[in-house]
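Participant: I'd like to ask some things about the structure below.
The values are calculated or read from the model by the stated rules, or taken from the named source; none is laboratory data. Model, not experiment: these values are computed from the prediction. FYI the Cβ positions are ideal-geometry reconstructions off the backbone, even for glycines, and counts take in every protein chain you see. Protein only, heavy atoms only, side chains kept; ligands, DNA and RNA dropped before computing areas. Shrake-Rupley method; radii C 1.70, N 1.55, O 1.52, S 1.80 Å.
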Amino acid sequence: MKITSKFDPSKIEKKWYQYYLDNNLFDSYVDPKKKAYTILIPPPNVTGALHMGHMLNNTLQDILIRRARLLGYNACWVPGTDHASIATEAKVVKWLEEKGISKSNLTREQFIDYAWQWTKKYGGKILDQLQKIGCSCDWKRTKFTLDESLSASVIDVFIDLYNKGLIYKGYRMVHWDPQAQTTLSDEEVQYEEIKGKLYYLNYPIKGSPKYLTIATTRPETILGDTALCVHPQDRRYASFVGKTAIVPIANREIPIISDSYVDKEFGTGCLKVTPAHDPNDKELGEKHQLEFLDIFNQDGTLNALGLHYENQDRFVVRHKIIEELTKLGKLVKAENYTTNVGKSERTRAIIEPKVSEQWFLKMEELAQPALKAVLEEDIKLYPKKFLNTYKYWMENIRDWNISRQLWWGHRIPVYYYGKNKDSFVVAKSKTQALKKAQEISKNPSLRESDLTQDPDVLDTWFSSWLWPISVFDGIRKPQNPEINYYYPTTALVTGPDILFFWVARMIVSGFEFREEKPFHNVFLTGLVRDHLGRKMSKQLGNSPDPNNLIGTYGADGVRVGLMLSTSAGNDLLFNEKLCRQGKNFSNKIWNAFRLIKSWNGNAITQPTKAQLQALYWFENRFFQALGQINLAFERYRISDALMITYKLVWEDYCSWFLEIIKPKYGAPISSEVVDKVKELFEKLIRIMHPFMPFITEEINSQLIKKAPTLIHATWPESAEFDANCLDNFHLVKQIITGFRNLRKQHNIPFTSPLRVHQIAPVASKNEPLIYLDLFGDCIEKIGYLTMDTSKPEPQEGLTLSVDTFRFWIAHISNQNRTPSPKKNIGDSKEAIRNYLRGLIASSQSDEEKHFIKKTENEFFRLHSFLDSIESKLKNTRFLENAPVSIIKREKEKKVDTQKKIQQLIQDIKEF
RNA sequence: GGGUACUUAGCUCAGUUUGGUUCAGAGCACUUGGUUUACACCCAAGGGGUCAGGGGUUCGAAUCCCUUAGUACCCACCA
């Protein structure tokens with residue numbers, strides 16, 4: 001591959017992903033010798049297209065799984081998709097409509113057939129997209145919730161729970177989605193504030209000229225009214241209780257009852273009761289044994305009870321009925337009113353509360369172990385703040401409505417054999433059902449054709465709550481080695497929006513069917529929002545296309561961009577700029593690689609002191625950072641781990657370390673140094689690999705090849721580090737930065753940029769502790785800073801070469817004004833001050849005086865800066881803790897630094 | 001209506017468990033200077049914050065307590 005300065009990720013991404021697949025590198029097999037690290041993908045909807053939320057989730061999972069692999073675990077990431085009954089069925093219906101086929105003209109079998117066609121054609125695309133961002137799933141294990149084994153598990157579980165008496169059939173006020181024509185669970189309903197009207201209507205009283213006024217937001221439901229209700233202590237209405245009111249339009253007679261449920265303050269204090277269409281009214285209705293009048297068809301139009309409004313939509317009727325009531329003089333007034341209206345999460349249709357017959361799962365008992373496990377932190381939630389919400393929900397859990405009036409999904413294994421609603425059996429198959437039915441009904445002449453299976457399917461979550469068990473076929477085969485090995489899984493990574501839908505229920509099922517938690521850790525990511533804080537949605541069009549992102553920034557770049565902004569558990573305000581940062585980082589790494597690769601080390605050249613020093617320092621810095629990274633991973637603070645890595649690589653490795661190591665152009669470099677530099681780089685590559693699998697893999701293949709691929713590599717081992725050395729280097733940085741700052745302030749022009757070419761502190765007390773050649777090629781122009789601690793006596797400040805000082809002056813003024821005196825005026829502060837005063841005294845103009853004064857200030861500023869760090873530096877010994885081998889070589893190669901400095905000073909003088 | 005959090009630099013967020021050696025931090029953005037031979041997708045330097053407002057406890061508060069304001073999420077939904 002041709003090396004270019006700009007890193008082009010597209011080719012290597014394809015190349016490496018294909019290589020991984022061809023060599024089955026993501027596969028995992030039961031291996032008792034290794035510890036398992038298991039992650040199950042939260043199965044995306046089979047209809048789904050990859051969106052930013054998936055990108056975030058799955059990148060996190062991939063980072064965890066790749067790191068686990070490096071740590072030597074048997075890492076297993078199981079992918080798969082969810083059949084998502086409502087969402088998929090809706091899509092299939094739409095697809096068929098486009099083809100001119102109506103669902104109502106199809107038999108169930110035909111429809112299911114089409115649904116499978118659709119699924120096979122368009123479904124599961126999302127898994128291909130996951131491959132593009134580098135997800136290292138064990139693709140051979142890919143599961144679908146409608147797979148045979150998973151479906152069979154669902155049916156087994158239904159039967160089991162039914163036999164335990166936990167599943168029952170009941171009439172409930174359910175959320176009815178008139179568009180999808182199915183019930184929804186509480187969780188599938190979203191409330192929205194809608195501006196509507198509160199209508200005040202008069203109900204005549206039978207046998208009296210008086211009337212009662214009620215307030216309602218839903219006037220169309222008056223046709224289903226079966227009572228009026230007032231508060232028992234409400235004196236205004238006491239005389240009405242027990243009388244009969246007449247429903248306008250319908251002219252039906254209904255009782256006037258009293259119940260303390262009614263709020264005297266709201267509206268008129270008089271409530272119309274519609275038991276079939278309001279959850280609270282339903283309770284009132286049951287309590288007072290009122291009639292239930294269901295006035296709606298399944299599609300939200302009115303039925304025969306709607307009289308002349310039959311077959312008209314509920315919202316159309318609302319307007320018409322108000323017109324009619326106005327004509328009849330029953331409408332008192334209409335106030336503007338804001339009300340919360342429930343909408344279907346899937347179809348956005350306004351929910352109709354409806355009493356209907358449904359299957360339920362009793363939850364209270366089941367929830368107990370699941371509650372306990374989380375409260376006792378047997379299962380850990382990250383971040384912890386979700387614990388309270390979880391607790392509250394589990395303590396107030398309601399029975400789970402598990403039936404859905406759809407075709408796409410797991411059909412409820414209930415078979416009716418008689419006309420009576422209770423004449424049913426629960427069985428795995430029709431054949432078995434027949435046997436049972438024959439036994440129970442004591443009617444051996446029953447035939448299969450006499451059996452009708454319940455038309456409903458199960459809630460999608462009723463299959464996905466078994467996911468951790470059923471992907472390893474642990475429901476049907478509890479002793480399956482697979483499930484015993486991989487279960488409980490290590491971590492679950494998902495969004496907090498499905499904490500109850502899914503996470504809580506998986507915990508419940510885990511304890512119920514395996515008596516063991518399904519996972520150790522739950523990592524809840526934030527929701528992905530745009531940079532304005534809005535949710536990403538198709539309507540807003542603010543969700544970037546992942547494919548484009550990958551194309552523009554590379555998979556590694558996008559991964560880094562996403563991870564940079566995911567502080568644990570907070571929503572993520574996604575900004576494409578972050579991907580650019582990720583891409584820039586890739587490029588930086590690539591160029592560091594190019595630099596290192598270009599070095600041809602030779603055995604003759606000796607390492608410089610600065611190089612040895614830098615090697616020693618960076619190694620320690622690496623281990624410091626590694627410890628921090630490991631800790632961040634343990635706490636699931638992935639973005640922290642990445643940021644530490646990012647700074648380690650960019651700042652420490654590239655900006656400081658490589659700049660010190662780098663020889664002057666064309667100068668030789670010791671092969672020993674090159675080897676060590678590569679070795680350190682290779683360590684960095686390994687810790688970067690989980691974040692940026694592709695670029696690291698490519699570099700590994702070109703540079704070191706220690707392991708055939710990074711899938712085979714190991715995570716670097718932790719080690720103690722020399723904190724003292726890090727402190728010392730920090731000081732060196734401060735000095736250098738200080739000088740750069742001064743240079744910048746004085747706008748001193750340089751023909752070449754400022755670099756640190758030498759940092760050569762040495763061990764012996766008899767040598768200058770540190771000297772900095774700050775200016776590389778421009779050495780003759782600037783000179784040196786020396787800090788000479790060879791003198792036993794404590795010094796006043798640091799020794800600064802006067803020639804250096806002169807040079808400063810020269811440059812601060814301008815090129816023409818190089819000071820003439822070349823005599824040594826002494827290095828002490830006093831001497832310099834005297835010298836300056838002399839200059840001021842003899843200066844010709846005010847301008848020059850001013851200039852010198854200014855220079856003096858600057859000089860002493862520099863001086864006090866150096867003073868401030870001098871005390872710290874005095875006792876610093878950079879090599880004190882260096883490995884013996886380095887010290888040895890250091891001694892062998894010892895240069896008389898002082899001599900060298902004097903030589904250089906001499907050079908400057910001559911200049 | 002009930003509950004849980006949150007408010008720190010222009011932006012996104014660490015730091016609050018256990019008050020004091022990270023106490024005012026990071027990344028990005030910004031300003032200035034710079035094409036050198038890894039990288040301008042770059043290098044170097046710099047500016048920026050009464051830690052939401054107010055009060056209290058303390059020798060000492062971003063951190064603990066009270067209070068006000070604002071924001072987010074969860075739960076329940078009143079006709």
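Participant: Based on the Cα gyration tensor of segment A:485-628, what are the three equivalent ellipsoid semi-axes, each the root of five times an eigenvalue, rounded to whole Å and given largest first? Write out the running numbers ahead of the final one.
Facilitator: Numbers: eigenvalues 346, 132, 34 Å².
Ellipsoid semi-axes (Å, largest first): 42, 26, 13.
Participant: How large a share of the accessible area of segment A:38-172, in percent, is made up of carbon and sulfur atoms when the probe is 1.4 Å and the other protein chains stay in place?
Facilitator: Working: 2540 of 4900 Å².
Ligands and nucleic acids excluded, carbon and sulfur give 52 percent.
Participant: Here's a follow-up. Could you work out the pair-distance distribution P(r) of segment A:21-97 from its alpha-carbon pairs, with 5 angstrom bin width and percents rounded to whole numbers?
Facilitator: Taking all Cα pairs of segment A:21-97, the binned fractions are 3, 13, 18, 19, 15, 11, 9, 6, 4, 1, 0, 0 percent.
Participant: Given R₀ = 25 Å, FRET efficiency for A:Ala334-A:Asp234 by Cβ-Cβ distance, to 0.05?
Facilitator: Values: r = 24 Å, r/R0 = 0.94.
The calculated FRET efficiency here is 0.60.
Participant: Using the C-alpha atoms of segment A:124-223, what convex hull volume per residue, in cubic angstrom, is computed? Working shown, then result.
Facilitator: Working: hull volume 21.9 nm³, N = 100.
Expressed per residue, the convex hull around the Cα atoms of segment A:124-223 is 219 Å³.
Participant: Still on this model: Quick one, can you get me the convex hull of the C-alpha atoms of segment A:264-342 expressed as volume per residue in Å³?
Facilitator: Values: hull volume 10.8 nm³, N = 79.
Spread over its residues, the Cα hull of segment A:264-342 gives 137 Å³ apiece.
Participant: Search the structure for amide H atoms under 5 Å from the amide H of A:Trp715, placed 1.01 Å from N in the peptide plane, and list their residues when 5 or more places away or on another chain.
Facilitator: A:Leu71, A:Gly72
Participant: I want to check the label-to-label distance for A:Trp393 and A:Gln289. Put each point 7 Å from Cα in the C-beta direction and report it in nm to one decimal.
Facilitator: 4.1
Participant: Right, next: Carbon and sulfur together cover what percent of the accessible area of segment A:590-719 at a 1.4 Å probe radius? Write down the numbers at each step before the final one.
Facilitator: Values: 2360 of 4750 Å².
Heavy-atom surface of segment A:590-719 belonging to carbon and sulfur, 1.4 Å probe: 50 percent.
Participant: Another question, then. If R0 is 51 Å, what FRET efficiency do you get for A:Lys435 and A:Ala719 from their C-beta distance, rounded to 0.05? It would help to have the intermediate numbers written out before the result.
Facilitator: On the way: r = 68 Å, r/R0 = 1.34.
Efficiency at R0 = 51 Å is approximately 0.15.
Participant: Output the peptides A:577-588, A:328-339 sorted from most to least packed, where packing is the average of other Cβ atoms within 10 Å over each peptide's residues.
Facilitator: Values: A:577-588: 19.7, A:328-339: 13.5.
Descending packing order for the listed peptides: A:577-588, A:328-339.
Participant: With a probe of 1.4 Å, find how much accessible area segment A:321-365 has per residue, and write the answer as a whole number in Å².
Facilitator: Details: 2340 Å² over 45 residues.
Ligands and nucleic acids excluded, the result is 52 Å² per residue.
Participant: Leaving out ligands, DNA and RNA, and with a 1.4 Å probe, what % of the accessible surface on segment A:370-444 is carbon or sulfur?
Facilitator: Values: 2000 of 4130 Å².
Solvent-exposed carbon and sulfur of segment A:370-444 make up 48 percent of the total.
Participant: Describe numerically, in nm with one decimal, the distance between label points set 7 Å from Cα along Cα→Cβ at A:Ser671 and at A:Thr452.
Facilitator: 8.7
Participant: If you wrap segment A:348-470's Cα atoms in a convex hull and average its projection over all directions, what's the area in nm²?
Facilitator: Details: hull surface 44.4 nm².
Mean projected area of the Cα convex hull: 11.1 nm².
Participant: What FRET efficiency comes out for A:Asn600 versus A:Lys11 if R0 is 25 angstrom and r is the Cβ-Cβ distance? Round to the nearest 0.05. It would help to have the intermediate numbers written out before the result.
Facilitator: On the way: r = 27 Å, r/R0 = 1.07.
Efficiency for this residue pair is about 0.40.
Participant: Can you tell me the length gained on complete extension of the stretch A:Ile246 to A:Lys428, counting 0.36 nm per residue apart and subtracting the Cα distance? Walk me through the numbers before you get to the answer.
Facilitator: Values: separation 182, 0.36 × 182 = 65.52 nm, distance 5.21 nm.
Stretched out fully, the A:Ile246 to A:Lys428 stretch lengthens by 60.3 nm.
Participant: Of all trypsin sites (Lys or Arg not before Pro) in segment A:673-714, which ones are in loop regions per DSSP and have a Cβ with at most 14 other Cβ atoms within 10 Å?
Facilitator: Numbers: sites: A:Lys676, A:Lys678, A:Lys683, A:Arg686, A:Lys705, A:Lys706; in loops: A:Lys705, A:Lys706.
Of the trypsin sites (Lys or Arg not before Pro), the ones in loops of segment A:673-714 whose Cβ has at most 14 other Cβ atoms within 10 Å are A:Lys705.
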